[in-house]
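The numbers here are math on the coordinates, done by the rules we state, and not lab data. Not measured: the values here are computed from a predicted model. Cβ coordinates were reconstructed from backbone atoms using ideal geometry, including for glycine residues, and neighbour counts include every protein chain displayed.
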Amino acid sequence: MGRLIVRPELFSGEVPVTKPILTVLLEVRARMHFSCRRGLCGQDLIRIVSGWEHLNAIGELEAGTLELLQVKGQPMRMACCAKVIGDGEVVIEVV
C-alpha cells in the first residue's frame with residue numbers, strides 16, 4: 001500500500017491502489033467539488049507536491065481535461081483519476 005498525505009493536515013495514511021484520491025478526500029470530508037468521476041468535469045483538480053512517480057499514469061480523458069484547464073505539464077492531476085501505486089508516498093494539496 002502507498003501512503004497519501006493531504007495538506008493542509010487533512011489526511012495522512014495508507015491507501016489501497018484501487019482507491020482514487022477523490023474517494024479518500026470524500027471519506028475524510030475534505031471540501032472538494034466533483035461531478036463526473038471520470039476526469040472530464042475538471043472540478044477535482046489537485047496539486048502534486050511530491051511523489052509524482054508513485055501515481056498511476058494519466059489516461060487520455062484526464063490528459064484532455066488537464067490541457068483544457070491549461071495545467072498540462074504542471075504537477076496537477078484530477079483526484080478522481082489519480083491513484084497511489086506501489087509503496088511510495090504522495091503529498092497533495094486540494095486546489
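Which of the listed residues, V84, L55, C36, is farthest toward the dipole's positive end in region 2-94, when Lys, Arg count +1 and Asp, Glu count -1 at the beta-carbon? It is C36, whose Cα lies furthest towards the positive end.
Given the chain, what percent of its DSSP beta bridges are antiparallel, to the nearest 5? It would help to have the intermediate numbers written out before the result.
Numbers: 13 of 18 bridges.
Antiparallel: roughly 70 percent of the beta bridges in the chain.
If you plug the beta carbon distance of E14 and V71 into 1/(1 + (r/R0)^6) with R0 = 35 Å, you get a FRET efficiency near 0.80.
Starting from the exponent 0.38 and prefactor 2.2 Å, build the expected Rg for region 1-50 from its residue count and divide its actual Cα Rg by it. Let's see the in-between values first.
Values: Rg = 10.9 Å, N = 50, 2.2 N^0.38 = 9.7 Å.
For region 1-50, the normalised Cα radius of gyration is 1.12.
In terms of Cα atoms, the Rg and Dmax of the chain work out to 11.9, 32 Å. A simple spin-label model places the labels of N56 and T23 0.9 nm from each other, with each point 7 Å out along Cα-to-Cβ.
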